[in-house]
Amino acid sequence: MDHVISDIAHGVYNFTNRSLIKNLIIITLCIALGFTIVFFPHQYYSSQKTGKSDFQVGIHYVFEQDELGQIAGQVQRIHDWGFKVIRIRLECQPDPLDYNNLMNQKNDEFFAAVQRSGMDVALVIMNLEDTAKVDYYLNRWGSYLRYIQIFNEPELSNSWTQGAMFTDDEICSKFNIIYDVVESHNLNVEYYTNFGISYVIRSNVPLELAKKLDFVGLDIFMDAFTVTSPHFIENLQQLTHKKVVITEFGMSTTDHVAQSDFILKGLNLFKNMRLPGCWVVYWNSAHDSYGIRDTSTETAVGEWIAANCN
């Protein structure tokens with residue numbers, strides 16, 4: 001009997017000892033995981049393996065720089081690569097005596113092509129845009145829009161005075177003027193404003209503007225900011241209580257291998273963070289090297305979309 005009790009006691013000790021070791025291992029791993037998420041979020045999210053999702057990849061098309069006859073083909077090409085959103089800047093000629101101005105013809109051609117492809121359009125209204133021009137544009141093409149960006153990185157915006165910056169009150173005041181013009185059109189759109197990393201030094205700006213927004217955008221261009229972006233994204237989410245979309249992401253370089261690596265690394269990161277999407281700049285750009293059209297980066301991004309997005 002004593003022998004049986006001894007065997008049972010020994011077995012309980014071994015079980016308890018093994019359980020203790022297992023528990024210690026689990027606790028250690030949880031602490032290490034938490035430490036990695038808090039202090040090294042880029043490494044954590046970059047290492048995740050996720051399947052296909054509804055992650056939305058968009059791109060900014062500077063169609064005003066193309067010839068009128070190029071636009072439809074370019075829109076179709078962007079669609080065929082799997083992009084879901086085309087982001088554009090508000091450009092038009094609001095002169096009623098020049099209704100068929102070339103820029104207006106380009107707008108007509110662009111929106112006709114987008115309607116055929118079924119892609120969503122995000123319109124960018126810049127900070128000092130004329131309200132009459134905004135009103136004309138939305139009257140004529142507003143029904144084709146899915147998203148409207150009111151202001152671009154307002155925390156860095158300049159006032160009408162050369163070299164001077166808007167005060168916080170001026171930013172909110174100017175924002176509300178444009179917002180009211182847009183809202184008066186009763187469009188079926190979502191509103192957003194995009195911010196740069198510098199929003200952290202004027203955090204009251206996104207805090208105030210977010211009250212009238214459906215989501216907020218974050219612009220990321222430097223590799224260093226890509227690595228630290230999880231902190232900024234989470235902070236912006238907590239600050240505004242809105243979902244965050246990476247609304248400008250790209251690299252200006254003629255080294256297309258480096259450009260592809262940069263963009264694909266970011267797409268993987270943002271998708272693994274389960275953000276709604278990332279919009280690349282640019283499809284084309286005449287004044288810098290951000291454009292990916294006709295480069296190996298175009299193919300690399302298109303193949304990534306096919307492999308990672310539904």
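Nothing in this text is a laboratory measurement; each read-out follows from the coordinates by a stated rule. Note that the coordinates shown come from a computational prediction; the quantities given were computed from them, not determined experimentally. Positions of Cβ are backbone-derived with ideal geometry, glycine not excepted, and every protein chain shown enters the neighbour counts.
Defining a contact as two alpha carbons under 8 Å apart and six or more residues distant in sequence, what relative contact order in percent does the stretch 245-310 show?
Reported as a whole number, the value is 38 percent.
I'd like the distance separating the alpha-carbon centroids of the stretch 59-121 and the stretch 208-224, in whole Å.
Measuring centre to centre over Cα atoms gives 24 Å.
Semi-axes of the stretch 270-310's equivalent ellipsoid from the Cα gyration tensor, sqrt of 5 times each eigenvalue, largest first, rounded to whole Å?
Working: eigenvalues 97, 34, 8 Å².
With the √(5λ) rule applied to the stretch 270-310, the semi-axes are 22, 13, 6 Å.
Find how many whole Å separate the alpha carbon centroid of the stretch 167-186 from the alpha carbon centroid of the stretch 259-306.
31 Å
To make sure I understand, if each residue's beta carbon is the centre and we count other beta carbons within 10 Å, what order do Cys278, Cys92 fall in, fewest to most?
In increasing order of surrounding Cβ atoms, one gets Cys92, Cys278.
For Ser229, Ser117, Ser157, Ser53, what ranking results if the residue with the fewest other Cβ atoms within 10 Å of its Cβ goes first? Intermediate results must be reported in sequence, preceding the final value.
Details: Ser229 25, Ser117 15, Ser157 18, Ser53 12.
Listed from fewest to most nearby Cβ atoms, that is Ser53, Ser117, Ser157, Ser229.
Volume per residue, Å³, of the convex hull around the alpha-carbon atoms of the stretch 156-310?
Hull volume over Cα atoms, normalised by residue count, gives 149 Å³.
Tell me, what are the semi-axes, in whole angstrom and largest first, of the equivalent ellipsoid of the stretch 196-248 as set by the roots of 5 times the Cα gyration tensor eigenvalues?
Computed over the stretch 196-248, the values are 18, 11, 9 Å.
When 1/r is averaged over all different Cα pairs and the result inverted, which Kirkwood radius in Å belongs to the stretch 92-202?
Working: mean 1/r = 0.0653 Å⁻¹.
One over the average 1/r among Cα pairs gives 15.3 Å for the stretch 92-202.
Collect residues whose amide H, placed 1.01 Å from N in the peptide plane, falls under 5 Å from the amide H of Asn194; neighbours closer than 5 in sequence don't count.
Glu153, Gly217
Rounded to a whole number of µm²/s, how large is the Stokes-Einstein D of the stretch 53-308 at 10 °C and 1.306 mPa s, given Rh as the Kirkwood radius over C-alpha pairs?
Numbers: Rh = 18.8 Å.
Diffusion coefficient, whole number: 85 µm²/s.
Just want the ordering: Asp120, Asp288, from fewest to most Cβ atoms lying within 10 Å of their own Cβ.
Asp288, Asp120
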